[in-house]
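Here is the structure we will look at.
Read the figures in this text as sums done on the coordinates, not as results from a lab. Remember, predicted model here, so these are calculated numbers, not experimental data. So basically every Cβ, Gly included, is an ideal-geometry build from the backbone, and we count neighbours across all protein chains shown.
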Number of protein chains: 2
Amino acid sequence: MTTPGPRTVRAARGAELTARSWATEAPLRMLHNNLDPEVAERPEDLVVYGGTGKAARDWASFEAISRELTTLGGDETLLVQSGRPVGVLRTHEWAPRVLIANSNLVPDWATWPEFRRLDALGLTMYGQMTAGSWIYIGTQGILQGTYETFAAVAEKRFGGTLRGTLTVTAGLGGMGGAQPLAVTMNEGVALVVECDPERARRRVETRYLDEIADDLDDAVRRVEAAKRERRALSVAVIGNAAEVLPELLRRGVEIDIVTDQTSAHDPLAYLPKGVDLADWHDYAAKKPDEFTDRSRESMADHVEAMVGFLDRGAEVFDYGNSIRGEAKLGGFERAFDFPGFVPAYIRPLFCDGKGPFRWAALSGDPADIAATDRAILELFPDNEPLARWIRMAGERVAFQGLPARICWLGYGERHLAGLRFNEMVASGELKAPVVIGRDHLDCGSVASPYRETEGMLDGSDAIADWPLLNALVNTASGATWVSIHHGGGVGIGRSLHAGQVTVADGTELAALKLERVLTNDPAMGVLRHVDAGYERAEKVADEKGVRIPMRG
Amino acid sequence: MTTPGPRTVRAARGAELTARSWATEAPLRMLHNNLDPEVAERPEDLVVYGGTGKAARDWASFEAISRELTTLGGDETLLVQSGRPVGVLRTHEWAPRVLIANSNLVPDWATWPEFRRLDALGLTMYGQMTAGSWIYIGTQGILQGTYETFAAVAEKRFGGTLRGTLTVTAGLGGMGGAQPLAVTMNEGVALVVECDPERARRRVETRYLDEIADDLDDAVRRVEAAKRERRALSVAVIGNAAEVLPELLRRGVEIDIVTDQTSAHDPLAYLPKGVDLADWHDYAAKKPDEFTDRSRESMADHVEAMVGFLDRGAEVFDYGNSIRGEAKLGGFERAFDFPGFVPAYIRPLFCDGKGPFRWAALSGDPADIAATDRAILELFPDNEPLARWIRMAGERVAFQGLPARICWLGYGERHLAGLRFNEMVASGELKAPVVIGRDHLDCGSVASPYRETEGMLDGSDAIADWPLLNALVNTASGATWVSIHHGGGVGIGRSLHAGQVTVADGTELAALKLERVLTNDPAMGVLRHVDAGYERAEKVADEKGVRIPMRG
Ligand SMILES: NC(=O)c1ccc[n+]([C@@H]2O[C@H](COP(=O)([O-])OP(=O)(O)OC[C@H]3O[C@@H](n4cnc5c(N)ncnc54)[C@H](O)[C@@H]3O)[C@@H](O)[C@H]2O)c1
Ligand SMILES: NC(=O)c1ccc[n+]([C@@H]2O[C@H](COP(=O)([O-])OP(=O)(O)OC[C@H]3O[C@@H](n4cnc5c(N)ncnc54)[C@H](O)[C@@H]3O)[C@@H](O)[C@H]2O)c1
């Protein structure tokens, strides 16, 4: 037997089974879809996204998983240990067809060097969040997450829309490039500072950014006009944020929202004032210490301007790039005067059981997603930000691999969508079943003290029982596949998280399972936040009848 | 409402339900049983065993769990987060009735100081292994574990019995006191060195030890006679092991097996040569550094003698007290010439899917355990060490709380016992249902690089996917309650492990669940060891048809 090597993989399409049931066809297609060249970063290495996040340990494991899923019965369960299929056991029809644990290490050994050693020995792999759990759907997720954050800002301060507001931010890189489109999708005006004109141009080409201004005067004119006319518009200005933000403050431009997505987490990846774009990387490589000092000094000026806007009443937040910490190291004392985005905007959504609900059409037909988009609009007619997202996503998002959609839904909402989709499969309105899952970054499925659980009200940031309970609950509720991962976006040692995907194949059993999974999974978010003492979660629990023993 | 406080708890007995079904009555009785004054170390603090291992977070949590279990329906599941009930969700009849996650922390925060901080805030609790998962059955487990280890030694070197062999060991403390009885139960002769006569006397009183010799000459005479006559006998000699073992070596006494259970892991708890028993604790407290040096020097002499016996062909092993490491620090280079007990004896059993199977009679009637003991003897007539254990346990073990039994069974055996017990409940041969569970220290349910997974063949000691998969598998197979713990016997940061308990209530559904759980749970041990490259596990898998995708 020869050892299997790389090959081009693409999910099967259409309504015909290649496995024995949709419960096994679904994970098979989604595993293959994760490695579709349209979806994966480096499919030949099985890398889906996030640098090293893989769908399977190696090609031999990939082929063995594919083979097992093709023959697996309706009362059997395949076990996957860090991307390698390690066993098939007899379970029952309510049990998941696949159970996955990726990248987990005993805590004292949970370090990058030990992980890399084990990885090099072929004993583990990095699963990221949705790479090793087979529910990555391309960059739509980044755009939607950014959209959702700005929608939450709008909800909190501006009556549900950014219409007539001006947002200033910086950075048009891999994550940051989603900012201008996310602001205009929320009907606002964005002014984005970027030091690299090439980055800005690329964003215009992909229609994530509307315009590039000639200079700061021009930029201010354009955004002030749009704001006045309550017109959505995004404008980039080429410059250094550490100079442009203080200048905007001096000029007294009326700015409503300020954030930042330069790559401030790494001082060598932030351009200091007075350094030429062309000299950047050479300088950083040759004199890293000097460069770091200058970069932190600039970040101090940058954040001082952000706090200046805060003092004038603007909504200011840290968007997960550690700029507050670096600015403090650079000598600016008030750096932590504004909050991080999770406590400020995302946690209230988590209290509602809201999170990144997503689904994919196994038919491969974009019309199936269009139909589900319409169903979502019908189901939640009063949710304006949701409707806006769904409409604009339909127009703007190019599918990668199997057509898919993401939107944030909460406790009491997700199961309605699931049941509706299942009916649409049953009636033939959809051409084939859909799978319904989510990112691991959900309301009750992560413990991650530097991100999702930073600054919990009761100090329980590091408690990791919750993602484990979440995986057990989904396994006990009828999910089709369930996963527990360590690491993910914030790295080895820093997070544990769990995921689930459930197939809607139009059967009555699927309806029963979907109802339970899509109720219980977001319920974990409500429970977790009630336990931590969030009033908003208590209100949701009371209103929707979530049973919490310690509340009587 | 007043805050609930300590009260005396004892499990209900008999065949009458106090909850709505046996699936909820069972965890209710077992939670209460863990806190029975006969069972628990400090019931008023909810501490069951192991210093701080608790059954519930606090008394309010205990009362709330009890209340919920009393009313929980057959398609509902209670979630317990580090001893506190956090939610009740609708699942289905194959799902566990309770899901538990205890003491888990995000790895970078998995330290004793952070754990203690969170514990003091009331946000977590230490679950040990069977304390927080409600299946502790008293000290029978220690005796049986020690018995099993010596049975494995007998199996490996002496044709399945210790008859006609002499074992020398030291230490008659909490764990070590089980050694003489475990050796005689295996039909061998034990000579145990203990420096504290009080300890030795207590062991005679509880019938764990047969005799105390007058001096070394007398001791040697007695054990040599017994060995010659192939008679089981245990004899203690009062003295310092660091002096007695070298003397035995000098005298050329023919010793077959050598180990040690002095508390060598803590140099202040090991008595150095030349120090009087009466001065020990005062000296250790006043001059800890000097004491540590002397103690390590003595351990070097002690271990040098052990290696001397090894050179003469004896079976020598470290029994988990770190004496090899301390002796090395004391200057003896060859300290690691003999192995630890897990790689030497326990891992081969793990390859068979063997582990600490246990059950408890919910009736409270010892006759129910006697009946199951007979059933075990009938089911496995060819397993001589098992039969010996069951017979002697029946005579020697005093029950604590609900009558219970432990014995090691492997893959292909456990489900037979489970199904048989279930039939005995159905037929009325047993007066009430039994619960069937195990310690977390099982073949495929622990990652613990200092104990259960030390020195794995492929270097995968720290990989923690396995206990998580184990918990997911049991949840997917019909277990009645499932738990995932961090910490346990080796402490915060050092292990992850999972448990399951399944009720045999005599119904057909219970039979289906028991068959799956008691097949799949030990299957995890076979899978884990096949994956690590153990030939013995591969043989078991091939012979018993365990499905392993990477093996074709
Ligand atoms: N919000 C979240 O959940 C989240 C998730 C992942 C990453 N992040 C963080 O967001 C940040 C951005 O991520 P990315 O993937 O877009 O990074 P990136 O490196 O792709 O892009 C950063 C951009 O900032 C620009 N830049 C650097 N210094 C500048 C300066 N002084 N003035 C103006 N522009 C400057 C660069 O030219 C580049 O285009 C990172 O720090 C990342 O860690 C946040
Ligand atoms: N095998 C396992 O899985 C396992 C599990 C838990 C603990 N242990 C280890 O086993 C050891 C024993 O545990 P324990 O609970 O019985 O401890 P313990 O402290 O209750 O008993 C130790 C005994 O050794 C005696 N002793 C000390 N120094 C001596 C000397 N120089 N000569 C003769 N006797 C001496 C003491 O008087 C005491 O009676 C500990 O190191 C413990 O960590 C092993």
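At a glance:
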read-out	value
Cleavage-rule hits, GluC sites (Glu not before Pro), segment B:242-311, DSSP coil, Cβ neighbours within 10 Å at most 15	B:Glu254
Charge dipole of segment A:140-339 about the Cα centre (unit charges at C-beta), most positive-ward option of A:Ala305, A:Leu329, A:Ala219	A:Ala219
Cβ neighbours within 10 Å from other chains - mean over A:454-462	4
DSSP-loop trypsin sites (Lys or Arg not before Pro) across segment B:117-190, with at most 16 other Cβ within 10 angstrom	B:Arg163
Pseudo-label separations to other copies for B:Ser427 - Cα-to-Cβ vector, 7 Å, nm	5.6
For chain B, size of Cβ-based charge dipole, Lys and Arg +1, Asp and Glu -1, in debye	960 debye
Per-bin percent of Cα-Cα distances, the protein assembly as shown [20 Å]	12, 39, 32, 14, 2, 0
Fewest-first ranking of B:Met456, B:Met392, using other Cβ atoms within 10 Å as the exposure measure	B:Met392, B:Met456
Segment A:140-339, dipole about Cα centre (Lys/Arg Cβ +1, Asp/Glu Cβ -1), debye to the nearest 20	580 debye
Signed unit charges on C-beta, dipole axis of segment B:140-339, positive-most listed residue B:Gly141, B:Val253, B:Ser263	B:Gly141
Within segment A:351-497: Cβ-based charge dipole about Cα centre, in debye rounded to nearest 20 (Lys, Arg +1; Asp, Glu -1)	360 debye
For the protein assembly as shown, share of DSSP beta bridges that run antiparallel, in % to the nearest 5	55 percent
Integer Hz, Karplus 6.51/-1.76/1.60 couplings in order for segment B:191-198, x for Gly and Pro	10, 10, 8, 9, 7, 10, x, 4
At 1.567 mPa s and 4 °C, Stokes D of chain B from Kirkwood alpha-carbon radius, µm² per second	54 µm²/s
Per-residue HN-Hα couplings for segment A:435-450 [Karplus 6.51, -1.76, 1.60; θ = phi - 60°; Hz; x = Gly/Pro]	9, 10, x, 6, 5, 5, 6, 10, 5, x, 10, 10, 10, 7, x, 9
Per residue, the convex hull volume that the Cα atoms of segment A:290-357 enclose (Å³)	87 Å³
Dimensions (Å) - segment A:261-332, Cα atoms, principal axes, largest first	41, 21, 21
Distances in nm from A:Arg90 to the matching label points in the other copies, shortest first (labels 7 Å along Cα to Cβ)	3.2
Antiparallel bridge percentage (DSSP; both residues within segment A:287-446; nearest 5)	90 percent
Value in Å of the Kirkwood radius, where segment A:396-528 supplies the Cα pairs that are averaged	15.5 Å
Top positive-direction residue, dipole computed over segment B:1-140 with Cβ charges, set B:Ser103, B:Val80, B:Thr2	B:Thr2
Cross-link pairs beyond the 29 Å C-alpha cut-off, checked among B:Lys354/B:Lys513; B:Lys156/B:Lys227; B:Lys54/B:Lys273	B:Lys54/B:Lys273
Label point 7 Å beyond Cα along the C-beta direction, distances from B:Pro113 to other copies (nm, shortest first)	2.1
Largest-first ellipsoid semi-axes for segment B:140-339, taking √(5λ) over the Cα gyration tensor eigenvalues, angstrom	26, 18, 16
For the protein assembly as shown, calculated [θ]222 nm from helices alone, where every DSSP H run of n ≥ 4 adds -39500 (n - 2.57)	-12500 deg cm²/dmol
Local electrostatic count at B:Leu512 - Lys and Arg +1, Asp and Glu -1, tallied over other residues with Cβ under 14 Å	-4
Antiparallel DSSP beta bridges within segment B:1-115, as percent of all bridges there, nearest 5	70 percent
Note, ³J(HN,Hα) from phi for segment B:136-145, Karplus 6.51, -1.76, 1.60, rounded to Hz, x at Gly and Pro	7, 10, x, 7, 3, x, 5, 4, 5, x
Interchain or long-range residues, amide H under 5 Å from A:Ser103's placed H	A:Ser82, A:Met125
Amide H partners (placed H, <5 Å) of A:Ile212, local residues excluded	A:Ala236
